[in-house]
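Here is the structure we will look at, set down as structure tokens.
The values are calculated or read from the model by the stated rules, or taken from the named source; none is laboratory data. Since the model is a prediction, treat every value here as computed from it, not as a measurement. All Cβ positions, even for glycine, are placed from backbone atoms using ideal geometry, and neighbour counts span all protein chains on display.
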Amino acid sequence: MSTPDPQHDENSEVYRRGMEEITHQETEAVATRAWTEGRMVFVELTDQRFVGFPAKRFRRLRDASEPELAEARLEVGGTALRWESLDEDLTVEGVVAGRFQLPVNAG
């Protein structure tokens, strides 16, 4: 009888960790570009989806001018949004998941 291969044995730690890594890679939100239109912030994802959100859903973005909002740039391989002058960082994954600081009616 042969010993099970840990990479293919569903009960092994090696298999479980490998599957978690694959799942994370498949679901990680990565943006290819970011831009603003008025008070809205948008990202285009590697899977060609577009996600937008109103600046008023985050405190520092809510209080920013439109020129400050337009300074949005991608960092960390497209997984983060950065506004240098506002000292604000957001994860693309958090934006895609709808994890905002402020409620819809904030503003």
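For this structure, a couple of remarks:
- Within the range 25-46, being at pLDDT below 95 and either more than 12 Å from the chain's Cα centre (by Cα) or under 13 Å from ARG82 (Cα atoms) (or both) holds for GLN25, GLU26.
- A single member of ALA34, ALA29, ALA64 is at negative phi, in contact (Cβ under 8 Å) with a residue 60 or more places away in the chain and not charged (D, E, K, R), and it is ALA29.
- Residue identified as within 19 Å of VAL30 (Cβ to Cβ) and among the acidic types (Asp, Glu) among ASP63, ASP89: ASP89
- Within the range 37-46, the residues that satisfy the criterion of being without any contact (Cβ under 8 Å) to a residue 40 or more places away in the chain, part of a strand (DSSP E or B) and closer than 24 Å to ASN105 by Cβ are GLU37, MET40, PHE42.
- Pairs with Cβ under 6 Å, 6+ apart, first in the range 88-107 and farther than 11 Å from PRO54 by Cβ and free of Cβ contacts under 8 Å to residues at least 40 places away in the same chain, second of a type in the set (D, E, K, R) and not in a loop (DSSP other than H, G, I, E, B): GLU88/ARG60; ASP89/ARG82
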